[in-house]
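Undergrad: My questions all concern the structure below.
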């Protein structure tokens, strides 16, 4: 999403075959080894259609971050959610960052564009919250993701792990009803 290069150790590529296939279709360069996946960003991403399915299909848990990536791709994409109801609840927040995503029932139509703009957004749940953090990192300017308690429930030390990868992100405690916020550039 941010144009980087990453190698993930301890990952079994055979468990992610559909995800890896779709990432290649979008334009990412992916090399697989027994317990490693190396991914290099493309200069430009291309839209593609995705339908979530139970394993070994495309994982529903990766639907939100992939919609973020598709929002920065050339062309349009259709994402169909076949596993859970109401998994597009983050789309309005993503659109606040400048994305162009429209939903209808189990479908999201993503019109790709070249950039997102920083904004204040709220994490509606765990996976969507993590995806909004990724969108904020890809956006120009400063972004703030509120209600990150959702993210904390599922991802331990999330911002520290992103910092190790080079992300400009920090946690800020707030006095409002949200447990904390994470502004970043």
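Undergrad: Restricting to DSSP H runs of at least four residues, report the calculated mean residue ellipticity at 222 nm for the chain, -39500 (n - 2.57) per run over all residues, nearest 500 deg cm²/dmol. Spell out each step's value before the answer.
TA: Values: 6 runs with 50 residues, N = 185.
The helix contribution divided over the chain gives -7500 deg cm²/dmol.
Undergrad: By its C-alpha gyration tensor, with a ≥ b ≥ c as the square roots of the eigenvalues, how is segment 1-70 shaped: rounded for a/c under 1.5, else prolate for a/b larger than b/c, else oblate? Don't jump to the answer; show the numbers that get you there.
TA: Numbers: a/c = 1.83, a/b = 1.03, b/c = 1.78.
Note, shape of segment 1-70 comes out oblate.
Undergrad: Please report the antiparallel percentage of DSSP beta bridges with both residues in segment 68-155, rounded to the nearest 5. All intermediate terms of the calculation are to be shown ahead of the outcome.
TA: Details: 9 of 13 bridges.
Of the beta bridges lying entirely in segment 68-155, close to 70 percent run antiparallel.
Undergrad: Follow-up question, since we're still on this one. Using the number of other C-beta atoms within 10 angstrom as an exposure proxy, rank 78, 151 with the fewest first. All intermediate terms of the calculation are to be shown ahead of the outcome.
TA: On the way: 78 14, 151 24.
Arranged by neighbour count, lowest to highest, 78, 151 become 78, 151.
Undergrad: Springs between alpha-carbon atoms under 10 Å, Gaussian network over the chain: tell me which of 87, 171, 153 tops the mean-square fluctuations.
TA: Per the Cα network of the chain with a 10 Å cutoff, 153 tops the list.
Undergrad: Quick check on the chain: of the DSSP beta bridges with both residues there, what percent are antiparallel, nearest 5%?
TA: On the way: 25 of 33 bridges.
About 75 percent, rounded to the nearest 5.
Undergrad: Here is a follow-up. For segment 52-71 and segment 101-142, what is the separation of their Cα centres, given in Å?
TA: If you average the Cα positions of each part, the centres end up 14 Å apart.
Undergrad: How high is the relative contact order of segment 14-69, in percent, counting Cα pairs under 8 Å that sit 6 or more residues apart? Intermediate values should be presented prior to the final figure.
TA: Values: 50 pairs, mean separation 16.8, N = 56.
Relative contact order of segment 14-69: 30 percent.
Undergrad: Select from 106, 38, 46 the residue whose mean-square fluctuation is largest in a Gaussian network model of the chain (Cα-Cα springs shorter than 10 Å).
TA: Ranking 106, 38, 46 by mean-square fluctuation puts 38 first.
Undergrad: Ranked by Cβ crowding within 10 angstrom, fewest neighbours first, how are 94, 165, 137 ordered? Walk me through the numbers on the way to the answer.
TA: Numbers: 94 25, 165 12, 137 22.
Neighbour counts put them in this order, fewest first: 165, 137, 94.
Undergrad: Any idea what % of Cα-Cα pairs in the chain are farther than 22 Å?
TA: Details: 7495 of 17020 pairs.
In whole percent, the share of Cα-Cα pairs in the chain beyond 22 Å is 44.
Undergrad: When only Cα pairs under 8 Å and 6 or more residues apart are kept, what is the percent relative contact order across the chain? The partial results should precede the final answer.
TA: On the way: 406 pairs, mean separation 28.3, N = 185.
Computed over the chain, the figure is 15 percent.
Where a number appears in this text, it was derived from the coordinates with a stated rule and is not lab data. In this text, all values refer to a predicted model and were calculated from it rather than measured experimentally. A quick note on method: Cβ atoms are made from the backbone with ideal geometry, for glycine too, and the neighbour counts reach across all protein chains shown.
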